[in-house]
Amino acid sequence: MRVGQGFDIHRTSDDPSRPLVLGGVTIPGALGLVGHSDADVVTHAIADALLGAAGLGDLGQHFPDTDPGTEGVRSIELLTDVLGLIRAAGYTVGNVDATVVAEAPKLAPHRAAMEASLSAIVGAPVSIKATTMERLGPIGAGEAIAAMAVVLLEGSTP
Ligand code: MG
């Protein structure tokens, strides 16, 4: 078994037409995040945790934000590609646990959808938790959303 952790943060966009996507789920009524892709911080944190657990580098290395081919891409597509690398290396995912840190919007109504979306892609249980920064710092001021993730991989190459 191998464990990996991931972290990501993206700034809040001031473009009202940019959707907020977390865990592959579009959250209505909230400003989106700035990023080369859809800026899905939860999915990015999970992908980085998977790569870390397998010793396969990080998301930026595999999908540089200078690549026009991934501009505006849905991050769950990047996650799917990462899972391909993980499986090719002989691992299966045991489980994923992630925390979203956001002052707003309230994520509890969307948690089940995020878990279902991500579990379907990962092929293992995914738990999503949400917390705020108690209005402290830039996340607390709504200027960014961050996410952390831990994953367990099972199996290994000899
Ligand atoms: Mg990111």
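Read-outs: derived from the displayed coordinates by stated rules, not from any lab. The structure presented is a predicted model; accordingly, all values stated were derived computationally and were not measured. Heads up, the Cβs are rebuilt from the backbone with ideal geometry, glycines too, and the neighbour counts pull from every protein chain shown.
Rounding to the nearest 10 and keeping the result within 0 to 90°, find how far the Cα-based axis of helix 75-88 lies from the longest principal axis of the chain. Result, in degrees: 10. With the convex hull drawn over the C-alpha atoms of the chain, the volume per residue is 99 Å³. Farthest towards the positive end of the charge dipole of the chain, among the residues SER119, LEU59, VAL34, is the Cα of SER119, using unit charges on the Cβ of Lys, Arg, Asp and Glu.
Taking every DSSP beta bridge that has both ends in region 2-154, the antiparallel portion is near 80%. Amide H contacts of ALA130 (H built 1.01 Å from N, in plane; Pro and chain starts excluded): VAL100 sit under 5 Å, all sequence-distant by 5 or more or on other chains. Placing +1 on each Lys and Arg Cβ and -1 on each Asp and Glu Cβ, with no other charges, gives the chain a dipole about its Cα centre of roughly 440 debye. Applying the Karplus relation 6.51 cos²θ - 1.76 cosθ + 1.60 with θ = phi - 60° to region 111-123 yields 3J(HN,Hα) values of 4, 4, 5, 5, 4, 5, 4, 6, 4, 5, 7, 6, x Hz, where x marks Gly and Pro. What do you get for the angle between helix 41-54 and the principal long axis of the chain? Use alpha-carbon atoms, 0 to 90 degrees, nearest ten. That helix lies at roughly 20 degrees to the long axis.
Residues in region 15-23 carry Karplus couplings, in order, of 8, x, 8, 8, x, 8, 10, 10, x Hz; the curve used is 6.51 cos²θ - 1.76 cosθ + 1.60 with θ = phi - 60°, and Gly or Pro positions show x. Distant-in-sequence amide contacts of LEU33, defined by a placed amide H-H separation under 5 Å and a gap of 5 or more residues or a different chain, comprise SER13, VAL21. Annotation for region 65-130: GluC sites (Glu not before Pro) lying in DSSP loop with at most 16 further Cβ atoms inside 10 Å of their Cβ are GLU71.
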